[in-house]
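Below is one structure; the comments refer to it alone.
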Amino acid sequence: MPFTPDVYYPERGKDWKCRKPGDVGMDADSLNCFHSSQSDELAVLQIKRRNAMPHEWDSPEYVHRWIEDGDKTDPQRAEQITALVGLIRCSSEECIEVLDLGAGYGIVTREILTAYPNARVVCLDGSSEMLKHGKARLVDWQDQLSFVVTSFDSPNWLATLPAKRQFDAVLSSRAIHHVVDDRKQGLYAEIFQLLKPGGCFANHDLVRKLDDPVRDIDNPFGTVEDQLVWLENIGFIDVECFWQMEGRALFGGYKSG
Ligand SMILES: C[S@@+](CC[C@H](N)C(=O)[O-])C[C@H]1O[C@@H](n2cnc3c(N)ncnc32)[C@H](O)[C@@H]1O
């Protein structure tokens, strides 16, 4: 099963192999590059998996399946969510304002409310189906929550938030990688605007490892090193990667107080 010569991305050099539309496993308009260390079998398996299982956040069945599998696929998930919330620099009795970006079924928000029982949280997500699960799971805190269905694909999401609302923290888990790197940088700048002085932004997300053999051309996921630079350029301070393993990282920064 030969790989097509790298005619599309010659700048990548001989270590990269390219599969184009029409190659085995490819749909009509995809293009994928793989590092030469990766076996053909694995490359084809990954393409098939990606084509067979695009994210369908509006599908009740897909969302149900994702929630069922979500916690099982990452044994460190609970620990990471606790660490994410632990980055907020406030005392636990404060009535803090938090934005959970790409809140999904509410796992981060539940941890926020456990650590900060007086918090008020905006759960924002592009999928009403996901937020439906969030509302049901967080019913005990309903008076402290608001739910916003909108996409952070463009800066328009800012207009969907209550006017002049500022946050002590903006937290996100496994959501921002869904937008391309250019947009991530815009989004990080928008988050900075929304933070109160001293506020925290922290993201637990998929990132590309420096030596990652697989690169998805549609969304190449900046490395965590790239993302830390973006945050610093925007004006965040105390920017740090707090944890990183296997293409996942917990990183963020603060707005000066
Ligand atoms: C992998 S789930 C993670 C949900 C939750 N944060 C968690 O850790 O369980 C990704 C979530 O991001 C949301 N999402 C993806 N792209 C988005 C976008 N452009 N705007 C808003 N939400 C988005 C999806 O609807 C989904 O609920």
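See the values below:
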| quantity | calculated |
| --- | --- |
| Test: residue in region 219-226 that is of a type in the set (Ser, Thr, Tyr) and either at positive phi or modelled with pLDDT of 90 or more (or both) | no |
| Number of the exception - Ala119 against (1) under 17 Å from the mean Cα position of the chain (by Cα); (2) more than 10 Å from the ligand (Cβ to nearest atom); (3) at pLDDT 95 or above | (1) |
| Matching option when the condition is near the ligand (Cβ under 9 Å from one of its atoms), among the charged types (D, E, K, R) and surrounded by fewer than 24 Cβ atoms within 10 Å (Cβ to Cβ), among Glu79, Glu94, Glu129 | Glu129 |
| One residue from Leu113, Leu99, Leu158, Leu124 being in contact with a Leu (Cβ under 6 Å, 6 or more places away or on another chain) and closer than 29 Å to Asp238 by Cα | Leu124 |
| Verdict on Val139 being surrounded by fewer than 17 Cβ atoms within 10 Å (Cβ to Cβ), without any contact (Cβ under 8 Å) to a residue 40 or more places away in the chain and away from the ligand (no atom under 15 Å from the Cβ) | yes |
| Scan of region 233-257 for residues that are within 15 Å of Val85 (Cα to Cα) and of a type in the set (A, V, I, L, M, F, W, C), ordered by number | Cys241, Phe242, Trp243, Ala249, Leu250, Phe251 |
| Among residues of region 228-238, those that are at negative phi, touching a strand residue (DSSP E or B) at 6+ places or on another chain (Cβ under 8 Å) and either surrounded by fewer than 19 Cβ atoms within 10 Å (Cβ to Cβ) or outside the structural domain of Ala78 (by TED's automatic domain parsing) (or both), counted | 2 |
| Count of residues meeting criterion [within 23 Å of Gly247 (Cα to Cα) and in contact with a Leu (Cβ under 9 Å, 6 or more places away or on another chain)] in region 82-96 | 4 |
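Okay, residues lined up against (1) away from the ligand (no atom under 11 Å from the Cβ); (2) of a type in the set (A, V, I, L, M); (3) farther than 18 Å from Tyr254 by Cα; (4) not assigned by TED's automatic domain parsing to the domain that holds Glu246:
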residue: Leu84; (1), (2), (3), (4): no, yes, no, no
residue: Cys90; (1), (2), (3), (4): yes, no, no, no
residue: Tyr105; (1), (2), (3), (4): no, no, yes, no
residue: Thr109; (1), (2), (3), (4): no, no, yes, no
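Okay, residues lined up against (1) in contact with a His (Cβ under 9 Å, 6 or more places away or on another chain); (2) small (Gly, Ala, Ser):
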{"site": "Ile112", "(1), (2)": "no, no"}
{"site": "Ser146", "(1), (2)": "no, yes"}
{"site": "Asp168", "(1), (2)": "no, no"}
{"site": "Ser172", "(1), (2)": "yes, yes"}
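The values are calculated or read from the model by the stated rules, or taken from the named source; none is laboratory data. Bear in mind that the values here come from a model prediction, so they are computed numbers and not experimental data. Positions of Cβ are generated from backbone atoms using ideal geometry, with glycine treated the same way; all protein chains shown enter the neighbour counts.
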